[in-house]
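Below is one structure, written out as structure tokens, with a few remarks after it.
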Amino acid sequence: MDAARVGVITFPGSLDDRDAARAVRLAGAEPVALWHADNDLQGVDAVVLPGGFSYGDYLRAGAIARFAPLMGELVAAADAGLPVLGICNGFQVLCESHLLPGALLPNAGLHFVCRDQRLRIDDAETPWTSDYSEGQEIVVPIKNRDGRFVADAATLNELEESGRIVARYLDLNPNGSVNDIAGIRNEAGNVVGLMPHPEHAVESLTGPSTDGLGFFTSIVKRLVAA
């Protein structure tokens, strides 16, 4: 059986595309490089939008990337069920593209935050989190300037009541995100946005843990099972 193919999109200013591709490979899938200016997802089985500062974070983080040619293809594919994971800047792009609700604003205190962060997985049923158990605590790095998740009261209530909070910050809230939200999903569950960086916690040599690998093994197992 051929390996699952997971696309990793590179925008101008992406920093963590190679790290995401390495995590995909370590999980047992084939990473496929996708370029923002193309119009072809190359038949991939899932997509990762990596961290970085797409288009220099001008206007707002992710605001310009949403208009990239490939994003038109991705939005249509995600609406049709393609699994998509947005990490940090990728989360911002997903919100700007309206694949996820809410917005990511400058951190409380207006400082760039870089630290190892403890999280709790609240939704272990998405294609990206099924290798975790609900309530499991993990440690992965976080590094952002615009990581404060906000949404109106009605949206927050819907996210909470429908169980769409994927992960929350523990110990401290590094950026002021409402309700300690570190990650959310869409209603169907195939699109997940996460502010911390699981791709930087996949090898004991370089990460604070290997806790992040589960996001990538989860999608590989889901694709193989499908």
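The values are calculated or read from the model by the stated rules, or taken from the named source; none is laboratory data. Here the structure is a predicted model, which is why all the values come from computation and not from measurement. Every residue, glycine among them, receives a Cβ derived from its backbone with ideal geometry; neighbour counts consider all protein chains shown. The accessibility values were calculated without ligands, DNA or RNA, using every heavy atom of the protein model including side chains. Shrake-Rupley method; radii C 1.70, N 1.55, O 1.52, S 1.80 Å.
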Exercise for the section: Can you tell me which residue within the stretch 209-224, out of those that are in a helix (DSSP H, G or I) and among the β-branched types (Val, Ile, Thr), is most open to solvent (accessible area, probe 1.4 Å)? Expected result: Val224
Fill in the blank from the handout: When every residue in the stretch 174-188 that is among the polar types (S, T, N, Q) and touching a residue at least 40 places away in the same chain (Cβ under 8 Å) is compared, the one most open to solvent (accessible area, probe 1.4 Å) is Asn186
Handout entry: Matching residues in the stretch 89-108 - criterion: being surrounded by fewer than 21 Cβ atoms within 10 Å (Cβ to Cβ) and over 13 Å from Phe149 (Cβ atoms)
Key = His98
Completion exercise
Selection from the stretch 144-170 of residues under 19 Å from Gly212 (Cα atoms), at pLDDT below 95 and open to solvent by 30 Å² or more (accessible area, probe 1.4 Å) yields none
Problem - helices (runs of 4 or more DSSP H) completely within the stretch 65-182 that count 3 or more residues being of a type in the set (Asp, Glu) - result: 153-161
Practice task
Taking only the stretch 1-55 into account, find how many residues are at pLDDT 95 or above, open to solvent by less than 70 Å² (accessible area, probe 1.4 Å) and part of a strand (DSSP E or B).
Solution key: 13
Problem - Pick from the stretch 56-88, criterion modelled with pLDDT of 95 or more and in contact with a Pro (Cβ under 9 Å, 6 or more places away or on another chain), ranking: surrounded by the fewest Cβ atoms within 10 Å (Cβ to Cβ) - result: Pro83
Exercise for the section: Would you check if there is a residue in the stretch 190-208 being in a strand (DSSP E or B), touching a Lys or Arg at 6+ places or on another chain (Cβ under 9 Å) and either basic (Lys, Arg) or open to solvent by 10 Å² or more (accessible area, probe 1.4 Å) (or both)? Expected result: no
Handout entry: Meets criteria (farther than 17 Å from Val48 by Cβ and not acidic (Asp, Glu)) for Leu170
Key = yes
Problem - Some residue of the stretch 134-143 being more than 25 Å from Val202 (Cα to Cα), touching a Leu at 6+ places or on another chain (Cβ under 6 Å), open to solvent by less than 10 Å² (accessible area, probe 1.4 Å) and at pLDDT 95 or above - result: no
Exercise for the section: Please name all residue pairs, on different chains or six or more residues apart, with Cβ atoms under 7 Å, provided the first residue is in the stretch 35-47 and is under 15 Å from Pro83 (Cβ atoms) and among the β-branched types (Val, Ile, Thr) and the second residue is in a strand (DSSP E or B) and open to solvent by 60 Å² or more (accessible area, probe 1.4 Å). Expected result: Val44/Arg5
Problem - Index of the failed condition, His111 passing every other in (1) within 22 Å of Ala182 (Cα to Cα); (2) buried (at least 24 other Cβ atoms within 10 Å of the Cβ) - result: (2)
Handout entry: Matching residues, the stretch 158-177, being small (Gly, Ala, Ser) and either farther than 22 Å from Pro141 by Cα or touching an Asp or Glu at 6+ places or on another chain (Cβ under 9 Å) (or both)
Key = Ser162, Gly163, Ala167
Handout entry: Among (1) open to solvent by 50 Å² or more (accessible area, probe 1.4 Å); (2) closer than 25 Å to Ser204 by Cα - the single one Ile121 does not satisfy
Key = (1)
